[in-house]
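Peer 1: Following this message is one structure expressed as structure tokens.
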Amino acid sequence: MTVVQLQFTALDEISKVHERLRKTFESGITRPLQYRRTQLLQIAHFIQDNWKAIEDAIISDYGRSRSEMSELKTVFDHAIHAAQDLEEWSKPEKPKVEDWLAGWDPTIYPTPKGTVLIISPWNAPYFTTFSPLIGAMAAGCTALIKPSELCPATSQLLADLFPKYFDSNAYAVVNGAVAEATRLLELKWDHILYTGAPKVARIVAAAAAKHLTPLTLELGGKCPVLIDDDVDIDLVAKRVLYGKQFIAGQACISPDYVLVPPGKMETLIAAFKKYYSTFWPKGPLNEGYSRIIAPHHHARLKNMLEHTKGDIVLGGEIEGSERIAPTIVKNVPLDDILMEEEIFGPILPLIQVSGMEEALNIVKELSSPLAIYVFTNSEKLKETLLNSTASGALCFNDTLSHAGVRELPFGGIGESGYGCHGGKYSFDTFTHRRSYANVPPAGEPFMAMRYPPCKDEVYQALTAPTRAEIPKPW
Ligand code: NAD
């Protein structure tokens, strides 16, 4: 395996790139729909022409299996659909107004916000970079991408290929780590979309606040799995293990912990064992299963396994400073190290609960995650979850798959972030809805009453509605 050296962008180059993108936006070149559509379809060409190179780079970065490249298809589909739907999305809206206002032609114009910054992480580099970029392009913005330094092959490939596919005056890549990101954040952007860890998100939010820049934060959190009494435990084990092993548990929507109802623990563990040997007949470390991205994350996960009060019932193998087998731990108490923060790795704690009420209380007690997974056949329970918990998404009877629905927004709430992207939601993120009214001079006789000095009859007319009866709640 060759380790790619990522070429960092020179610090004094960064403000020049920003200036170039800003000038391009101001020139108006990115506004016509034809231009936007051409750039969007270039994303599809980018993916189609370079699929193998993209896969190879991701595999070189963290050994991900070729079967886990679904994000490339997602990006491809999103780009094509955005190009197709663009005209509809950008149509001015005519709101329904009172009759006397119709002559003002009240209209809402979707307008591009300007020059935007997209900072992405290493773990789903195409989805987290291109899903926002598609929105920025569709909206008519210019955009700068800052990919993660932790996936050097991927980030270098993006920098190499971008100028070949996109208008370099409008879309650019800056590579680097904290120093480069800090320099980027000193500049004034018209929107920032940051995907990554909550600790860094606070730095990004403080920098954005200095310029009053609108911000979208796509973060992570502890996504729980709840299990009802009447479900097929075999299917639960298969779907949860699949979700957990995806990129070795290093996805923002990985199932983080499982709340197991009374009497189901041993059946669940037996089912996990069955699927463990079906998924990896030679053991996960001998097959196409992701590495842990960086030594410091490997050390963090190893430390968790060394200090958990729970019992490892499956997995636990640790290899070098890169690999950890999917590991299932039972008898995990709530004050365990595994429950302190997002695990973001292939360790799955099983927590025994007395029933659904306790499971719900635990979920409500912890900060709101990006997804809650619930295995149930009960419509009543689905409603309870909808009405009494908070999370970016609620997915019943599976893990991860809600993220594949293009029409659903992808985003968090509270500690898992704010704002969203995906399909039309990406377009909306980078679009300002500009109000328009054209008040005809011919209305002057009617409008004349508003001018000072205040006349009593005008005041009476103005306040009359507030003395009328307010409708009863219905
Ligand atoms: P990270 O926060 O370490 O890095 C993300 C980006 O931030 C990188 O481009 C990095 O260079 C940049 N960065 C790092 N330090 C910075 C600083 N001081 N100032 C400005 N930028 C800085 O995140 P990561 O380890 O790459 O990703 C893991 C986290 O991301 C997890 O918490 C995961 O749940 C979350 N995540 C969320 C989503 C989502 O869509 N909600 C998707 C993937 C990952």
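Please treat every number below as a calculation from the coordinates, not as lab data. On a predicted model such as this, the values are computed, not experimentally measured, just so you know. Heads up, the Cβs are rebuilt from the backbone with ideal geometry, glycines too, and the neighbour counts pull from every protein chain shown.
Peer 1: Compare the peptides 261-274, 119-132 by average per-residue count of other Cβ atoms within 10 angstrom and give them in order, highest first.
Peer 2: 119-132, 261-274
Peer 1: While we're here: Under the rule of -39500 (n - 2.57) per DSSP H run of 4 or more residues, summed and divided by the residues of the chain, what mean residue ellipticity at 222 nm is obtained, to the nearest 500 deg cm²/dmol?
Peer 2: Calculated mean residue ellipticity at 222 nm is -13500 deg cm²/dmol.
Peer 1: Can you tally the net charge around residue 3? Count Lys and Arg as +1, Asp and Glu as -1, for every other residue whose Cβ sits under 14 Å from the Cβ of residue 3.
Peer 2: Net charge around residue 3: -3.
Peer 1: Turning to a different aspect of this structure: Looking at the calculated P(r) for the chain, what percent of the C-alpha pair distances fall above 30 Å?
Peer 2: Cα-Cα pairs in the chain separated by more than 30 Å: 53 percent.
Peer 1: Find how much the distance from residue 161 to residue 67 grows on full extension, using 0.36 nm per residue of separation minus their present alpha carbon separation; answer in nm with one decimal.
Peer 2: 31.5 nm
Peer 1: Which distance in nm do the two modelled labels at residue 182 and residue 352 give, with both placed 7 Å along the Cα-to-Cβ direction?
Peer 2: My value for the distance between the label points is 5.0 nm.
Peer 1: Let me ask you something else. Excluding residue 348 itself, calculate the net charge of residues whose Cβ lies under 14 Å from the Cβ of residue 348, where each Lys or Arg counts +1 and each Asp or Glu counts -1.
Peer 2: Local net charge: +2.
Peer 1: Taking 0.36 nm per intervening residue step and subtracting the Cα-Cα distance, what contour gain separates residue 8 from residue 377 on full extension?
Peer 2: Stretched fully, the residue 8-residue 377 segment lengthens by 127.7 nm.
Peer 1: Among residues other than residue 256 whose Cβ falls under 12 Å from its Cβ, what is the net charge (Lys/Arg +1, Asp/Glu -1)?
Peer 2: -1
Peer 1: Quick one: check the C-alpha center-to-center distance for the stretch 332-353 versus the stretch 47-119, whole angstrom.
Peer 2: 36 Å
Peer 1: Determine the distance separating the Cα centre of the stretch 136-178 from the Cα centre of the stretch 248-298; give it in Å without decimals.
Peer 2: 33 Å
Peer 1: Now for a different question. Sticking with the crude label model, points 7 Å out along Cα→Cβ, report the distance from residue 199 to residue 266 in nm, one decimal please.
Peer 2: Distance between label points: 4.2 nm.
Peer 1: Which of the peptides 14-24, 356-366 is most tightly packed, and how do the rest follow, going by the mean number of other Cβ atoms within 10 Å of each residue?
Peer 2: Going from most to least packed, we get 14-24, 356-366.
Peer 1: Still on this structure: Suppose we keep just the DSSP beta bridges with both residues in the chain; what percent of those would be antiparallel, to 5?
Peer 2: 35 percent
Peer 1: Of all trypsin sites (Lys or Arg not before Pro) in the stretch 408-470, which ones are in loop regions per DSSP and have a Cβ with at most 12 other Cβ atoms within 10 Å?
Peer 2: 455
Peer 1: Shifting gears a bit: Given R₀ = 25 Å, FRET efficiency for residue 446-residue 97 by Cβ-Cβ distance, to 0.05?
Peer 2: 0.95
Peer 1: May I pose another question? Listed here are the pairs 222/424; 52/113; 309/364; 199/380; 146/244; which of them are more than 30 Å apart at the Cα?
Peer 2: Table pairs above 30 Å Cα-Cα are 52/113; 199/380.
Peer 1: What's the ranking of 155-165, 43-53 by average number of surrounding C-beta atoms within 10 Å, highest first?
Peer 2: Highest to lowest by the protection proxy: 155-165, 43-53.
Peer 1: Right, another one. Quick check: pseudo-label points 7 Å beyond the Cα along Cα→Cβ at residue 53 and residue 242, how many nm apart are they?
Peer 2: 3.3 nm
Peer 1: Output wanted: per-residue J couplings in Hz (rounded whole) for the stretch 310-317, from phi through Karplus 6.51 cos²θ - 1.76 cosθ + 1.60, θ = phi - 60°, x for Gly and Pro.
Peer 2: Karplus values, whole Hz, x for Gly and Pro: x, 10, 6, 10, 7, x, x, 5.
Peer 1: Moving to a separate point now. Using 0.36 nm per residue, how much length does the chain from residue 460 to residue 109 gain when fully extended, once their Cα-Cα distance is taken away?
Peer 2: 122.8 nm
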